[in-house]
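K.L.:
Submitted below is the structure of interest, expressed as structure tokens.
The values are calculated or read from the model by the stated rules, or taken from the named source; none is laboratory data. Please read these numbers as outputs of a predicted model, since none were measured by experiment. Every residue, glycine as well, gets a Cβ built from its backbone with ideal geometry; the counts of neighbours run over all protein chains shown. Each accessible area value is taken on the protein alone, full model and side chains, heavy atoms only, with ligands, DNA and RNA left out. Shrake-Rupley method; radii C 1.70, N 1.55, O 1.52, S 1.80 Å.
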Amino acid sequence: MARGQKQYTEEFKNTIVHLYNSGKSLAELSSEYALSKSTISGWIKKNNPIVMDKDTTITMAEYQAMLKKNKQLEEEIEILKKAMGIFARK
């Protein structure tokens, strides 16, 4: 992390996103909380809901976590396949 850069809690980030979704503009939030517009935009993008099915929505962060977990599971499957091949030869 760069020096002088602040860390914000997820609760604070979610509050800012909620305020934006309830009608406050980026400019208002930026001046009121001394945050850059790009920081707020990033939080909004990360927490914007994605509609998966008729009744299912997830955030971008949840989607990216699912992709990461999926990749990890695929790697584990490949390792297990190789292990099965080794044990089948014995």
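K.L.:
For region 52-90, which residues satisfy the criterion of being open to solvent by less than 70 Å² (accessible area, probe 1.4 Å) and under 30 Å from Ser30 (Cβ atoms)?
P.N.:
Selection gives Ile58, Thr59, Met60, Ala61, Ala65.
K.L.:
Tell me which helices (runs of 4 or more DSSP H) are completely within region 1-51 and hold 3 or more residues being touching a residue at least 24 places away in the same chain (Cβ under 8 Å) and open to solvent by less than 80 Å² (accessible area, probe 1.4 Å), or say none if there are none.
P.N.:
The helices (runs of 4 or more DSSP H) meeting that bar are 10-21, 37-47.
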